[in-house]
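The values are calculated or read from the model by the stated rules, or taken from the named source; none is laboratory data. This structure is a prediction, so every number in the text was calculated from the model and none was measured. Positions of Cβ are generated from backbone atoms using ideal geometry, with glycine treated the same way; all protein chains shown enter the neighbour counts.
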């Protein structure tokens with residue numbers, strides 16, 4: 001018996017799923033995490049010089065397995081980010097592959113690029129979290145830190161569910177901010193302002209940080225009551241005070257959020273523990289926890305889970321099969 005695995009390139013994946021699709025997949029997956037029909041172990045990190053001194057390649061890779069009940073698919077994403085030599089060659093920060101299996105037989109259904117799905121679902125996580133927590137209607141003012149690919153997809157995803165009346169974007173690269181402003185005109189109904197300082201961008205209902213900064217630049221005095229703060233970079237991005245004085249902390253996955261990203265430093269030190277976390281996004285989406293009350297400072301950290309990637313990848317695989325897209329390869333015969 002010949003078992004064929006579907007192979008999908010980045011361009012093919014891009015042709016198969018839209019941001020609307022990704023937002024819907026992420027929504028269903030968050031609900032699955034809340035009602036426990038999604039199985040998502042904590043990601044395993046391989047430090048290739050992101051923090052460690054050896055090997056000094058300025059990068060990392062994560063192994064992110066999951067089973068997603070609504071699509072009855074299991075898989076793993078092997079993904080990471082690299083600066084150093086990769087950046088010097090002008091290559092994107094993220095590199096990624098996703099492998100899907102039949103969860104009953106273990107056959108490999110597909111191998112596909114994961115970078116596009118990573119970028120899209122990261123934006124969708126913010127949008128879906130806001131769908132269940134934001135209580136000011138459909139109009140939303142966005143403060144954005146980081147005008148790269150993640151900044152683009154954050155905006156695109158939020159625009160699927162909300163009317164963005166104003167964006168204030170800050171980036172250390174003026175050219176990147178200007179490029180973002182031009183690219184996002186078709187998604188933002190209101191005006192787009194390029195902020196001259198980080199503080200200027202904080203005048204918003206929702207502040208999203210998607211930077212590679214190792215500086216804790218977002219200050220507590222900017223974190224006013226009623227504001228949602230999403231520090232989503234690999235490092236902390238906001239001051240300890242923002243975390244310790246937040247009225248509610250909401251995360252996507254408690255185990256891994258306490259060891260990486262915005263809560264990593266304080267989590268490893270034991271200053272922030274599971275007791276400090278109000279809820280997961282999944283618990284709120286599934287109706288197990290209520291959304292935070294209005295006018296609170298809400299710190300929301302969807303650090304990223306393999307389940308989101310597997311959910312979106314499963315839709316790409318199904319559509320590819322239906323449309324005859326992609327190549328096939330038999331890695332093994334029985």
- Message: Suppose we keep only residues that are part of a helix (DSSP H, G or I) and in contact with a strand residue (DSSP E or B) (Cβ under 8 Å, 6 or more places away or on another chain) within segment 179-194. Which one would you say is surrounded by the most Cβ atoms within 10 Å (Cβ to Cβ)?
- Response: 180
- Task: Tell me the helices (runs of 4 or more DSSP H) entirely within segment 230-334 that contain at least 1 residues that are within 21 Å of the chain's Cα centre (by Cα) and buried (at least 24 other Cβ atoms within 10 Å of the Cβ).
- Result: 240-244, 254-257, 281-285, 306-323
- Message: Take the conditions touching a strand residue (DSSP E or B) at 6+ places or on another chain (Cβ under 9 Å), surrounded by 15 or more Cβ atoms within 10 Å (Cβ to Cβ), on the phi > 0 side of the Ramachandran plot and not assigned by TED's automatic domain parsing to the domain that holds residue 153 and apply them to residue 34. Does it pass?
- Response: no
- Return a yes/no flag: does segment 52-59 have any residue that is within 16 Å of residue 114 (Cβ to Cβ), crowded, with 19+ Cβ neighbours inside 10 Å and touching a helix residue (DSSP H, G or I) at 6+ places or on another chain (Cβ under 9 Å). yes
- Note on the structure: Flagged in segment 168-178 as within 16 Å of residue 142 (Cα to Cα) and either touching a residue at least 60 places away in the same chain (Cβ under 8 Å) or not in a strand (DSSP E or B) (or both), in numbering order, are 171, 177
- Query: Among the listed residues 155, 165, which satisfies the condition of being over 24 Å from residue 314 (Cβ atoms), in a strand (DSSP E or B) and touching a residue at least 12 places away in the same chain (Cβ under 8 Å)?
  - Reply: 165
- Test residue 217 against the stated conditions and say whether it is assigned by TED's automatic domain parsing to the domain that holds residue 146, surrounded by 23 or more Cβ atoms within 10 Å (Cβ to Cβ) and over 19 Å from the mean Cα position of the chain (by Cα). no
- Might you let me know whether segment 297-320 holds any residue that is touching a residue at least 12 places away in the same chain (Cβ under 8 Å), outside the structural domain of residue 34 (by TED's automatic domain parsing) and farther than 29 Å from residue 69 by Cβ? yes
- Query: How about segment 1-102: which helices (runs of 4 or more DSSP H) wholly inside it have at least 1 residues that are within 15 Å of the chain's Cα centre (by Cα) and under 28 Å from residue 320 (Cβ atoms)?
  - Reply: 19-35
